[in-house]
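Q: Could you have a look at this structure, given as structure tokens, before my questions?
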């Protein structure tokens, strides 16, 4: 029997993934890259570069892609498709999206998740990398008690009352109901994470190496726009009556299809842990067919349904 009344306590965490360059939600069967003609040579060594691909909760595939026959200084999506498919990735096929003319990566029809990562991924414009930096289209997850709080506020247009009054004082009134336009979220975490920050607000993030420190260059005032990303929020649900923390009966999930964000102020106080907060605004978005999806989609899973998502393995 499915329990219909359940209480929510605290949060399980969240994960973020960049949207497609055409401002649509990136799915396992439609993850878009660049259009037109680009110069790929800056990220290539001897016409090759590694690319990391992960389908569902399988292992990351890290394979070199050879662009020697693809004219890397004047690369088109059609030429990129040949080079990428020849690399031998399992469970994924590259093609040209018929609607936008962009490079498209699609996993098999039964796949739930697709992630593409690396300098080459960003150069191919996966995750809006050519315009907003980053390392492709992949999940950054905070699902292991690393999240302090997630506050969600609906953005609404208040109801309106429009009156007209007759000569004898009779009032005719029209009431226009309120409308939900979006949602504002503030996420607070325990740890400093410039990779997450780059995914949210753009800029240039370079991971640490054995000889060089990690660096992050935030976008400046002349930067053109901000990246769009999707936000997944998870929260545990409990049954009616007395519960302990481990007696979870299910999970609530909210997918915000398209979000914009920036970092909040972070203080450096005496004898105090820093908290790292991000202001996120979710907006309405259209899918690839022009259908308005709205701001979010909400799910309520049983424990078995939640386990089938493998969200902890997907991020790994």
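Q: Among the residues of the stretch 169-183, are any surrounded by 16 or more Cβ atoms within 10 Å (Cβ to Cβ) and in contact with a strand residue (DSSP E or B) (Cβ under 7 Å, 6 or more places away or on another chain)? Explain how you work it out, then say what you get.
A: Taking the stretch 169-183 first, the residues surrounded by 16 or more Cβ atoms within 10 Å (Cβ to Cβ) are 182-183.
Those still in the list that are in contact with a strand residue (DSSP E or B) (Cβ under 7 Å, 6 or more places away or on another chain) too: 182-183.
For the stretch 169-183, residues surrounded by 16 or more Cβ atoms within 10 Å (Cβ to Cβ) and in contact with a strand residue (DSSP E or B) (Cβ under 7 Å, 6 or more places away or on another chain): present.
Q: Follow-up question, since we're still on this one. In the stretch 105-195, which strands (runs of 3 or more DSSP E) lie fully inside it and hold 1 or more residues that are farther than 30 Å from residue 220 by Cα? Outline the logic, then answer.
A: Values: elements: 114-117, 140-142, 147-157, 160-165, 171-176, 179-189.
Where strands (runs of 3 or more DSSP E) fall fully within the stretch 105-195 and carry at least 1 residues being farther than 30 Å from residue 220 by Cα, they are 114-117, 147-157, 160-165, 171-176, 179-189.
Q: Give me the residue from the stretch 77-101 that is under 24 Å from the mean Cα position of the chain (by Cα) and assigned to a loop (DSSP other than H, G, I, E, B) and, out of that set, nearest to residue 49 (Cα to Cα).
A: Across the stretch 77-101, the extreme among qualifying residues is 89.
Q: Still on this structure: Here is a list of conditions, (1) within 20 Å of the chain's Cα centre (by Cα); (2) under 13 Å from residue 104 (Cα atoms), and residue 35 meets all of them except one; can you say which number that is?
A: Just one mismatch for residue 35, condition (1).
Q: Please find, among 102, 6, 30, the residue that is modelled with pLDDT under 95 and surrounded by 15 or more Cβ atoms within 10 Å (Cβ to Cβ).
A: 6
Q: Okay, next question. Quickly run through the stretch 38-77 and pick out the residues that are under 27 Å from residue 287 (Cβ atoms) and in contact with a helix residue (DSSP H, G or I) (Cβ under 9 Å, 6 or more places away or on another chain).
A: 38, 51, 52, 53, 54, 56, 57, 58
Q: Look through 234, 299 and report the one residue that is at pLDDT 95 or above, surrounded by fewer than 17 Cβ atoms within 10 Å (Cβ to Cβ) and within 24 Å of the chain's Cα centre (by Cα). Working first, answer last.
A: Working: 234 fails: surrounded by fewer than 17 Cβ atoms within 10 Å (Cβ to Cβ).
Going through 234, 299 in turn, the sole match is 299.
Q: Residue 273 fails exactly one of the following numbered conditions: (1) surrounded by fewer than 15 Cβ atoms within 10 Å (Cβ to Cβ); (2) at negative phi; (3) within 19 Å of the chain's Cα centre (by Cα). What is the number of that condition?
A: It is condition (3) that residue 273 fails.
Q: Please state which of the following conditions residue 267 fails to meet, knowing it meets all the rest: (1) touching a residue at least 12 places away in the same chain (Cβ under 8 Å); (2) within 25 Å of residue 153 (Cβ to Cβ).
A: Unmet condition: (1).
The values are calculated or read from the model by the stated rules, or taken from the named source; none is laboratory data. Because the structure is a prediction, the values reported are computed rather than measured. Reconstructed Cβ throughout: ideal geometry from the backbone, glycine too, with neighbour counts over all protein chains shown.
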